[in-house]
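Notes follow once the structure below has been shown.
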Amino acid sequence: MLMIPDYFHFLLTGKKAQEYTNATTGQLVNPVTKDWDYALLDKLGIKKEIFQKISLPKTSLGKLRREIQEEVGFDCEIVLPATHDTGSAVLAVPASDDDYLYISSGTWSLIGIERMEADCREESRLANFTNEGGYDYRFRYLKNIMGLWMIQSVRHELEDKYSFAELCAMASKSSSFPSIVDVNAQVFLAPDNMTQAIKDYLKEAGQKVPETIGELAACIYNSLAVSYGSAVKEIETLTGRSFKRIHIVGGGSNADYLNQLTADYTGKDVCAGPSEATALGNILAQMLKADVFEDIIEARKCVYDSFGVRVFHSRI
């Protein structure tokens, strides 16, 4: 049994290995031993023999297979990154301490913290938090909530006539529009028409229905920021901690209007960027393997120094 990234590595090298961060998302890895949960596998009747040894990011799988070398005309070493995309994105969060939350922002938003021990309490489960593996046996304690899916859908319904920057600008001009939706409501997951779904939701809730593109975009962005604020409160309640700032990485970090709203609704400083965090996290794991950086702190400092991290302060 190989997960998709592991299968690609097998095709490149002929080596079968299962990478830690992605393996943990299958809920068959024991959060204490960091290995397959063999007792659980027995209870489920799954043959443990089909599972490969779990390997950490930075593990070298060796060189390309000869057939691949002949096809591409060169050879190189294949090093495991954090093969889960959010695992790589979080590795590239440009932070020098642990006094922060992160949002990996794209079509969906993954919001959480890094911790060295998993939180498997019933309270976490009921709040829909999970413990996904991170670099060097860290845990990504996070929940999956709505991201830019709603505004992406609306943009497509407008035949991609406007850029995301233009939609943000129109939303900013309509920032006083008061209506808010629950972005995590089932009706917004796969509607036939997102614009109509939002209008129907607001009409049924007795709220003002948007009449312009700017009002529609303002409703979406403000509603997203409200959901981020609720998630931050959940994390702080569950952990008993108060965090100073939020690092937003991924494509959604380019939406400065949403970044400012997030700072406003959470009361936290928001540090936005880099936008290509997943690709950078992949590269960082390989550079750490090559001893370009001494540790993850030095690697993240390089990300901070190399990319334009923008800071937004709460206006409330």
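For the range 19-160, what does the alpha-carbon gyration tensor say about shape, rounded, prolate or oblate, given a ≥ b ≥ c as the root eigenvalues, a/c under 1.5 as rounded, and a/b over b/c as prolate?
Oblate, because a/c is 1.5 or more while a/b does not exceed b/c.
Reachable lysines from Lys48, Cα under 19 Å, same-chain residues fewer than 8 places away excluded?
Answer for Lys48, where 19 Å is the Cα cut-off: Lys15, Lys16, Lys34, listed by chain and number.
Hey, how many Å between the Cα centroid of the range 172-217 and the Cα centroid of the range 126-170?
Rounded to whole Å, the Cα centres lie 17 Å apart.
Defining a contact as two alpha carbons under 8 Å apart and six or more residues distant in sequence, what relative contact order in percent does the range 114-157 show?
Values: 42 pairs, mean separation 15.5, N = 44.
Relative contact order, the range 114-157: 35 percent.
In degrees from 0 to 90, rounded to the nearest 10, what is the angle of the helix 296-306 Cα long axis to the longest principal axis of the chain?
The two axes meet at around 50 degrees.
Check the straight Cα-Cα distances from Lys53 and name the aspartates and glutamates below 14 Å, setting aside those fewer than 8 residues away within the same chain.
Asp6, Glu19, Asp35, Asp37
Check which residues have an amide H placed less than 5 Å from Ile246's amide H, if you skip close sequence neighbours.
Under 5 Å from the amide H of Ile246 lie the amide H atoms of Leu101, Asp269, Val270, Cys271, each far enough along the sequence or on another chain.
Go through Ser104, Gly45, Ile316 and say which Cα lies farthest out towards the positive end of the charge dipole of the chain; charges sit on Cβ, +1 for Lys and Arg, -1 for Asp and Glu.
The residue sitting most towards the positive pole is Gly45.
Using alpha carbons only, how many angstrom separate the centre of the range 78-95 from the centre of the range 1-26?
So the two Cα centres are separated by 15 Å.
Residues with amide H under 5 Å of Asn144's amide H, sequence separation 5 or more or different chain, H placed in the peptide plane at 1.01 Å from N; which?
For Asn144, no residues qualify.
Restricting to DSSP loop positions (anything but H, G, I, E, B) with no more than 14 other Cβ atoms inside 10 Å of their own Cβ, which chymotrypsin sites (Phe, Trp or Tyr not before Pro) remain in the range 1-104? Each step should come with its number before you reach the end.
Values: sites: Tyr7, Phe8, Phe10, Tyr20, Trp36, Tyr38, Phe51, Phe74, Tyr100, Tyr102; in loops: Phe51, Phe74.
Sparse-neighbourhood loop chymotrypsin sites (Phe, Trp or Tyr not before Pro): Phe74.
With a cap of 11 neighbouring Cβ atoms within 10 Å, and only residues DSSP puts in a loop, list the trypsin sites (Lys or Arg not before Pro) found in the range 83-182.
Listed in order of number, the matching sites are Arg121, Lys161.
Only four residue types carry charge here, +1 at the Cβ of Lys and Arg and -1 at the Cβ of Asp and Glu. Report the dipole size of the range 18-144 about the Cα centre in Debye, rounded to the nearest 20.
Dipole magnitude for the range 18-144 comes out near 340 debye.
Laboratory data are not the source of any read-out in this text; all were calculated from the coordinates shown. Because the structure is predicted, anything quoted here is derived from the model rather than measured. Cβ atoms come from the backbone with ideal geometry, glycine included; neighbour counts cover every protein chain shown.
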